[in-house]
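This report refers to the structure that appears directly beneath it.
The values are calculated or read from the model by the stated rules, or taken from the named source; none is laboratory data. All of these numbers come straight from a predicted model, not from anything done at the bench. Heads up, the Cβs are rebuilt from the backbone with ideal geometry, glycines too, and the neighbour counts pull from every protein chain shown. Just so you know, the surface numbers come from the protein's heavy atoms only, side chains and all, with ligands and any DNA or RNA stripped out. Shrake-Rupley method; radii C 1.70, N 1.55, O 1.52, S 1.80 Å.
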Amino acid sequence: MSAVVGFDLDRTLVYSAAALLLEGPDDQAPPLVVAEVYQGAPLSFMTRPAEDALAALAARATVVPVTTRTVAQYRRIRLPLPTDGWAVTTNGAVVLHGGTPDADWAESLRSDIASSSAPLPEAEERFLGLLPTGALLRNHRAEELFVYAVVDRAALPDAALQDLVAALDLLGWVVSLQGRKLYAVPRAIRKERALAEVAARVGATTTVAAGDSLLDRDMLAWADVALRPAHGELHAVGWTAPHCTVTHAAGVRAGEEIVALAAAAVARA
């Protein structure tokens with residue numbers, strides 16, 4: 001038996017200072033390790049027990065980070081995983097093996113994008129044009145595949161967000177809000193497609209997936225075992241499934257719990 005475990009990164013496995021959700025006295029906070037440095041300062045964290053458990057899990061299963069981050073953003077993350085392992089970035093658009101993008105995967109995916117979604121410039125114009133005045137702080141393209149914006153949440157009411165979701169859906173694009181980042185992604189770019197490709201290549205017989213956002217929903221539905229934290233977009237909408245376990249904890253403690261739950265699932269396989 002072999003297992004593939006796909007972990008979303010931000011707010012699932014690693015946490016910014018704002019996402020730690022540490023309650024109670026400071027002297028009772030869990031020990032933290034730095035998982036990411038940006039511009040010379042620590043940016044993302046996980047608990048020390050989570051890091052230790054992740055290293056142990058990687059010795060028993062194929063652990064695959066699965067993130068909406070670009071390749072460059074992903075490479076800032078430091079996890080106790082094999083250097084010759086697998087990763088999925090750019091929401092499934094890029095499959096890395098040993099740090100090298102898989103060219104065959106990229107070529108086949110671009111063909112699917114062209115046949116199922118409006119071109120990037122058209123979707124980007126619609127996306128930015130529908131954001132309310134004052135909501136957009138800055139915007140970016142991710143490797144010329146999709147767009148995201150950093151937004152002022154207070155200036156983006158729920159009704160405006162739903163209008164944006166509906167408008168981009170007509171163009172074959174999916175919108176997801178994660179913290180202050182608002183993503184618009186072609187429908188063909190999906191995490192579970194890339195994770196399924198990795199599972200097929202390594203001959204996995206069991207699949208485990210963990211994530212917190214709407215962009216993770218299909219990946220969790222696809223996996224044999226699904227895990228999600230008690231926070232994030234999926235928690236806000238109450239998403240669940242018979243094969244999905246929700247953590248008791250929220251914030252960085254949920255990340256530690258998710259690694260433990262994944263290890264238990266692999267042990268049962």
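If you check every pair at least six apart or on different chains, which have Cβ atoms under 6 Å apart with a residue in segment 238-262 that is under 12 Å from R11 (Cβ atoms) first and a residue that is assigned to a strand (DSSP E or B) second?
Close Cβ pairs (under 6 Å, with a partner that is assigned to a strand (DSSP E or B)) amount to V252/Y15; V252/T47; G255/M46; I258/A210; I258/L227.
Can you tell me which residue is modelled with the lowest pLDDT among those in segment 2-53 that are at positive phi and surrounded by fewer than 19 Cβ atoms within 10 Å (Cβ to Cβ)?
G24
Check segment 195-209 and report whether any residue there is under 16 Å from the mean Cα position of the chain (by Cα) and within 25 Å of V151 (Cβ to Cβ).
The answer is no, given that none of the residues of segment 195-209 is under 16 Å from the mean Cα position of the chain (by Cα) and within 25 Å of V151 (Cβ to Cβ).
Scan segment 178-198 residue by residue and report those that are in a loop (DSSP other than H, G, I, E, B) and either among the hydroxyl-bearing types (S, T, Y) or touching a residue at least 60 places away in the same chain (Cβ under 8 Å) (or both).
Within segment 178-198, G179, R187, A188, I189, R190 meet the criteria.
Are any residues in segment 62-93 buried (at least 24 other Cβ atoms within 10 Å of the Cβ) and either among the aliphatic types (A, V, I, L, M) or over 14 Å from the mean Cα position of the chain (by Cα) (or both), and if so, which ones? Please lay out each step first, then the result.
At the first step, the residues of segment 62-93 found to be buried (at least 24 other Cβ atoms within 10 Å of the Cβ) are 63-64, 66-68, 86-93.
Passing the criteria: V63, V64, V66, W86, A87, V88, A93.
Q162 passes all but one of (1) of a type in the set (S, T, N, Q); (2) open to solvent by less than 80 Å² (accessible area, probe 1.4 Å); (3) in a helix (DSSP H, G or I); which number fails?
Looking at each condition in turn, Q162 falls short on (2).
Which pairs have Cβ atoms under 7 Å, sit 6 or more apart or on different chains, and link a residue in segment 21-45 that is among the polar types (S, T, N, Q) to one that is exposed (fewer than 10 other Cβ atoms within 10 Å of the Cβ)?
Short answer, once both residue conditions are applied: none.
Go through segment 105-162 and report how many residues are free of Cβ contacts under 8 Å to residues at least 12 places away in the same chain, more than 30 Å from A196 (Cα to Cα) and among the small types (G, A, S).
The qualifying residues number 3.
Has segment 256-264 got any residue that is over 28 Å from D84 (Cβ atoms) and in contact with a strand residue (DSSP E or B) (Cβ under 9 Å, 6 or more places away or on another chain)? Quick ask: steps written out before the conclusion?
Going residue by residue through segment 256-264, those that are over 28 Å from D84 (Cβ atoms) are 257.
Still in the list and also in contact with a strand residue (DSSP E or B) (Cβ under 9 Å, 6 or more places away or on another chain): 257.
Within segment 256-264 (the criterion being over 28 Å from D84 (Cβ atoms) and in contact with a strand residue (DSSP E or B) (Cβ under 9 Å, 6 or more places away or on another chain)), the answer is yes, since at least one residue qualifies.
Do we have P101 as open to solvent by 50 Å² or more (accessible area, probe 1.4 Å) and more than 19 Å from A267 (Cβ to Cβ) here? Spell out how you get there, then give the answer.
On the way: open to solvent by 50 Å² or more (accessible area, probe 1.4 Å): yes; more than 19 Å from A267 (Cβ to Cβ): yes.
Yes, satisfied.
What number of residues within segment 113-129 satisfy the criterion of being more than 27 Å from V95 (Cβ to Cβ) and surrounded by fewer than 17 Cβ atoms within 10 Å (Cβ to Cβ)?
Restricting attention to segment 113-129, the residues satisfying the condition of being more than 27 Å from V95 (Cβ to Cβ) are 125-126, 128-129.
When the remaining residues are screened for being surrounded by fewer than 17 Cβ atoms within 10 Å (Cβ to Cβ), the result is 125, 128-129.
Total satisfying the criteria: 3.
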